[in-house]
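Student: Dropping the structure in here first, questions after.
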Amino acid sequence: MAEVHRLRVDAVIEETADARSFVLSGVDFAVRPGQFLTVRAGDVARCYSLSSAPGEPLKITVKRTPDGYGSHWMCSSLAAGTELDVLAPAGVFTPSSLDGSLLAFAAGSGITPVMSIVRAVLTQGSGRVFLVYANRDEASVIFARDLSELARQHPDRLTVVHWLESVQGLPSVAGLRAFVRDCDEAFVCGPGPFMEAARKALHDAPVVHVEKFVSLSSDPFSAVVPVVDDRPDAVVEVELDGERHRFPWPARTKLLDLLLEKGLDAPYSCREGACSACACRLVEGEVKMLNNDVLDSEDIAEGIVLACQSVPVTDTVKISYE
């Protein structure tokens, strides 16, 4: 089982009527812009994106949803002084460079990881960001004041276009395509229909990162019982944190479960094939992913696999965590 960290809530910030930010302290994590924390929220585990940039006080932002137990618990129960159990930051919704030209499409609480990226680019890099941000109406715009101030401070590096459904209607492929421009990387985060429209609008973009919000059905804080199998073991060689490890790999055991059982601090969050926190590169051999809700065909063609869903196909496998 990965290490569980206890953080303290230092402040609660009301962003809108149904969204709150929580400033946290207690552990000096290594963080990349756009990552998320897996949080024990009452009786469930949930993933919440960081809205702060690396080097800033750790902050997650949560929007209360109608049927969301976790978001209701976070927004109703947490106050300054409350303690939270979390897993280390994870996720690959991150820019390869803070010095490039980025295009972002966000809707609703999908602004949260994008805000982390925007802050990092403007304060720690030399890149530029063009952001299209969709919401129901003006009152529901999370970080409205912060975005306005950042755009004022960096007029040549940050452009923010607000799309309000109360004025322009629902975002459409054609409407979003009007804002597509040359970029090094594009980022998309928001509700499913919005992301689908944005991905179609970004059809010709060179690199498109997509972040889906998922509700976890399993408990990533609990230990996993290894699966017993009579079939011969494969052998896996794993490069992680600059070290090489070699283990027998039982045929029905998922790679992540094996690594955690062996005491390795492999990254993960959902354990369901939905978040990409456990993504690694297949260097040699073949694996089968039992479920994949996040990697696209280009990722798979590049050898990216999900450790939480991978079982061995060939007798020998080599894996690298980059």
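A short reminder: the numbers here are calculations on the coordinates, not readings from a lab. The shown structure was predicted, so the numbers you read here are calculated from the model rather than taken from an experiment. Reconstructed Cβ throughout: ideal geometry from the backbone, glycine too, with neighbour counts over all protein chains shown.
Student: Using the Karplus curve 6.51 cos²θ - 1.76 cosθ + 1.60 with θ = phi - 60°, what ³J(HN,Hα) values do you get for each residue of the range 284-297, in whole Hz, with x for Gly and Pro?
Tutor: For the range 284-297, the Karplus curve yields 8, x, 9, 10, 10, 8, 6, 8, 8, 10, 9, 7, 9, 4 Hz.
Student: Collect residues whose amide H, placed 1.01 Å from N in the peptide plane, falls under 5 Å from the amide H of residue 318; neighbours closer than 5 in sequence don't count.
Tutor: 237, 283, 284, 285
Student: For the chain, what does the helix formula give at 222 nm: sum of -39500 (n - 2.57) over DSSP H segments with n ≥ 4, over the residue count, nearest 500 deg cm²/dmol?
Tutor: Numbers: 8 runs with 64 residues, N = 322.
One gets -5500 deg cm²/dmol as the mean residue ellipticity at 222 nm.
Student: Something else about it: What net charge do the residues around residue 190 carry, taking every other residue with its C-beta under 15 Å from that of residue 190, with Lys and Arg at +1 and Asp and Glu at -1?
Tutor: +2
Student: Between the range 11-29 and the range 137-165, how many Å separate their Cα centres?
Tutor: Result: 20 Å between the Cα centres.
Student: How large is the convex hull of the Cα atoms of the range 5-90 per residue, expressed in Å³ as a whole number? Provide the component values of the computation, followed by the final result.
Tutor: Numbers: hull volume 7.3 nm³, N = 86.
Considering the Cα atoms of the range 5-90, their hull volume per residue is 85 Å³.
Student: Hey, another quick one. Each residue of the range 51-61 in turn: what ³J(HN,Hα) in whole Hz from Karplus with 6.51, -1.76, 1.60 and θ = phi - 60°, glycine and Pro shown as x?
Tutor: Values per residue, Gly and Pro as x: 9, 8, 8, x, x, 8, x, 4, 9, 10, 10 Hz.
Student: For the range 236-322, how big is the tail of P(r) above 19 Å, as a whole percent of Cα pairs? Spell out each step's value before the answer.
Tutor: Details: 1011 of 3741 pairs.
Considering the range 236-322, 27 percent of its Cα-Cα pairs are separated by more than 19 Å.
Student: Structure shown: which of 59/200; 59/318; 212/254 lie over 27 Å apart, alpha-carbon to alpha-carbon?
Tutor: Pairs exceeding the cut-off: 59/200; 59/318.
Student: State the dimensionless ratio Rg/Rh of the range 26-173 (Rg: radius of gyration of Cα atoms; Rh: Kirkwood radius).
Tutor: Using Cα coordinates only, the ratio equals 0.97.
Student: Let me ask you something else. Find me the longest stretch of the chain that has none of the exposed trypsin sites (Lys or Arg not before Pro), where exposed means in a DSSP loop (not H, G, I, E or B) with at most 16 other Cβ atoms within 10 Å.
Tutor: Answer - 1-135.
Student: In angstroms, what radius of gyration and Dmax does the chain have, counting Cα atoms only?
Tutor: Gyration radius and largest Cα-Cα distance of the chain: 20.1, 64 Å.
Student: Which cross-chain or sequence-distant (5 or more) residues have an amide H under 5 Å from the amide H of residue 35, H modelled 1.01 Å from N in plane?
Tutor: Sorted by chain and number, the residues that satisfy this are 50.
Student: Also, I was wondering about something else. For a distance above 18 Å, tell me the whole-number percent of Cα pairs in the range 101-211 that qualify.
Tutor: Tail fraction, whole percent: 43.
Student: In whole angstrom, how far apart do the alpha carbon centroids of the range 189-209 and the range 101-133 sit?
Tutor: 15
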